[in-house]
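The values are calculated or read from the model by the stated rules, or taken from the named source; none is laboratory data. Computed from a predicted model, the values in this text were never measured in an experiment. Cβ: placed from backbone, ideal geometry, glycine included. Neighbour counts: every protein chain shown. Ligands, DNA and RNA are excluded from the accessible area calculation, which covers all protein heavy atoms including side chains. Shrake-Rupley method; radii C 1.70, N 1.55, O 1.52, S 1.80 Å.
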Amino acid sequence: MVRKVTCIIICCFVSAGAWAQAGEDDYRKMMKEGYRYLRLFQAANAREQFVGAAQIAQTFDNKSLYAVSLMGVSQATWYAGNFHQAADTMKPALQYLNTADTGYRVSAWRILSNIYDDIGDYVNAFKAVQQALTINKGYDQLNEQLALIQMGKLYKNIG
C-alpha cells in the first residue's frame, strides 16, 4: 500500500513538472511568435499571442513572465494605434516587474515614453525616459542608447 501511495505521489510530481515545462515552452513559443508578428507589423496577431502568453503566466502565478507578456500586449496595442490603451497596459506591467528585472524595467519605461510621445503627452514621456535612464545606469548599452535617442526625439518634438 505504501508503495502505491509513493508511486502515485511521484507520478503526480513528475506529471506536474512535465505540465509546467510544457506550459513554459508554450509561453516561450507564444512570446516568440508575438514578437515575430510585431516585426511584420501584424498587431492583432501579435496581441493574440501575447494575451495567450499572459494567460499561461497567470496559470503559473509568475509575475515576471506575466509582466513581460503585458509589455508585449502593450506594444501590439501601440502598433495598432490604440495609444491610451497601450499606456494603460504598460503601467501594470511595470508594477509586476521586480527590481531584478532591470532590463525589462528599462525597456518598459522607454516604450512607455514612446507611447506618451505618440499621444503628445510630453511631460509623461520625459518622465518615463528619465526613469529608464535612471534605472539603466550602464546596465545595458543598447537600451541606454535607445533611451537617449528617445530623449532627443522628445526635445525635437517640443521644438
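Got at least one residue in the stretch 112-130 being open to solvent by 30 Å² or more (accessible area, probe 1.4 Å), modelled with pLDDT under 95 and under 24 Å from Arg39 (Cβ atoms)?
Checking the stretch 112-130: not a single residue is open to solvent by 30 Å² or more (accessible area, probe 1.4 Å), modelled with pLDDT under 95 and under 24 Å from Arg39 (Cβ atoms).
With the checklist (1) of a type in the set (A, V, I, L, M, F, W, C); (2) at pLDDT below 95; (3) assigned to a helix (DSSP H, G or I) in hand, flag the one item Val73 doesn't pass.
Exception for Val73: condition (2).
Can you tell me which residue is farthest from the chain's Cα centre (by Cα) among those in the stretch 143-157 that are open to solvent by less than 90 Å² (accessible area, probe 1.4 Å) and among the hydrophobic types (A, V, I, L, M, F, W, C)?
Leu154
Among the residues of the stretch 90-108, is any of a type in the set (Val, Ile, Thr), more than 20 Å from Ala46 (Cβ to Cβ) and either open to solvent by less than 40 Å² (accessible area, probe 1.4 Å) or touching a residue at least 40 places away in the same chain (Cβ under 8 Å) (or both)?
Yes, because at least one residue in the stretch 90-108 is of a type in the set (Val, Ile, Thr), more than 20 Å from Ala46 (Cβ to Cβ) and either open to solvent by less than 40 Å² (accessible area, probe 1.4 Å) or touching a residue at least 40 places away in the same chain (Cβ under 8 Å) (or both).
Just one of Asp88, Asp61 is of a type in the set (D, E, K, R) and modelled with pLDDT of 95 or more; which is it?
Testing whether each residue is of a type in the set (D, E, K, R) and modelled with pLDDT of 95 or more leaves just Asp88.
Under the condition of being assigned to a helix (DSSP H, G or I) and either among the aliphatic types (A, V, I, L, M) or more than 13 Å from the chain's Cα centre (by Cα) (or both), which residue from the stretch 89-100 is farthest from Tyr122 (Cα to Cα)?
Checked the stretch 89-100; the qualifying residue farthest from Tyr122 (Cα to Cα) is Ala93.
Which condition breaks for Gly138 when tested against (1) touching a helix residue (DSSP H, G or I) at 6+ places or on another chain (Cβ under 8 Å); (2) within 21 Å of Ala54 (Cβ to Cβ)?
(2)
Mind listing just one residue for me: the one in the stretch 42-88 that is over 29 Å from Val123 (Cβ atoms) and among the β-branched types (Val, Ile, Thr) and, of those, surrounded by the fewest Cβ atoms within 10 Å (Cβ to Cβ)?
Step by step, filter the stretch 42-88, then rank; the result is Thr59.
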